[in-house]
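Participant: Next up is a structure, given as structure tokens.
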Amino acid sequence: MKLKLIFAPRFHADPDDYRPINPPHIPPLGIATLTNYLREHNYPINQDDLDIKVHHYNSTKNNRKIDLSKFMDEKRIERFYTKKEDAELEAEAEKMLKLTKVKGVDIIGFSLMPTDNPSTGGVVLALA
């Protein structure tokens with residue numbers, strides 16, 4: 001059984017007014033610790049930091065950027081959760097998934113930043 005842990009991207013915003021800010025410059029230590037623990041216990045596991053990959057992708061592409069701000073609309077995320085479809089959110093998720101390899105993986109786990117903005121859960125919902 002192949003496992004993969006993904007550090008999920010999110011729209012990095014000031015928690016007071018949701019204006020965009022740069023992503024944190026601290027590596028996701030929790031996911032690295034869990035990956036190491038599972039490897040030490042002989043689980044075939046890979047990890048990936050999609051947060052930094054999306055940031056890098058967006059900083060190097062002039063067009064076709066991944067628009068994480070679409071995930072900031074709480075009502076839209078609620079509708080997506082209940083109706084299971086939103087073409088725009090799904091299109092953004094597809095762009096993100098192209099930055100990682102999930103083919104042949106049996107179980108994918110997501111590591112999240114604190115849920116102080118709506119994009120945290122919305123992005124993971126769309127990726128799943």
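The values are calculated or read from the model by the stated rules, or taken from the named source; none is laboratory data. Quick caveat, the model's predicted, so the values are computed rather than measured. Using ideal geometry, Cβ is built from the backbone for each residue, glycine included, and neighbour counts are taken over all protein chains shown. Surface accessibility is based on the protein's heavy atoms, side chains included, excluding ligands, DNA and RNA. Shrake-Rupley method; radii C 1.70, N 1.55, O 1.52, S 1.80 Å.
Participant: What is the residue count in region 65-94 for residues that are part of a helix (DSSP H, G or I), farther than 15 Å from residue 11 by Cα and open to solvent by 50 Å² or more (accessible area, probe 1.4 Å)?
Facilitator: The total comes to 10.
Participant: Listed residues 81, 37; which is modelled with pLDDT under 95 and among the hydroxyl-bearing types (Ser, Thr, Tyr)?
Facilitator: Every option except 81 fails the conditions.
Participant: If I filter region 50-64 down to residues being of a type in the set (D, E, K, R) and in a helix (DSSP H, G or I), which single residue comes out as least open to solvent (accessible area, probe 1.4 Å)?
Facilitator: Among them, the one singled out is 51.
Participant: Cβ-Cβ distance below 8 Å, separation of 6 or more or different chains: which pairs start in region 36-49 with a residue that is surrounded by 12 or more Cβ atoms within 10 Å (Cβ to Cβ) and end on one that is among the polar types (S, T, N, Q)?
Facilitator: Between residues of region 36-49 that are surrounded by 12 or more Cβ atoms within 10 Å (Cβ to Cβ) and residues that are among the polar types (S, T, N, Q), the close pairs are 45/35; 46/35; 47/35; 48/100.
Participant: Output the qualifying pairs, or none if there are none: Cβ atoms under 6 angstrom, residues six or more apart or on different chains, first residue in region 82-108 and farther than 18 Å from residue 3 by Cα, second residue open to solvent by 50 Å² or more (accessible area, probe 1.4 Å) and part of a loop (DSSP other than H, G, I, E, B).
Facilitator: 92/67
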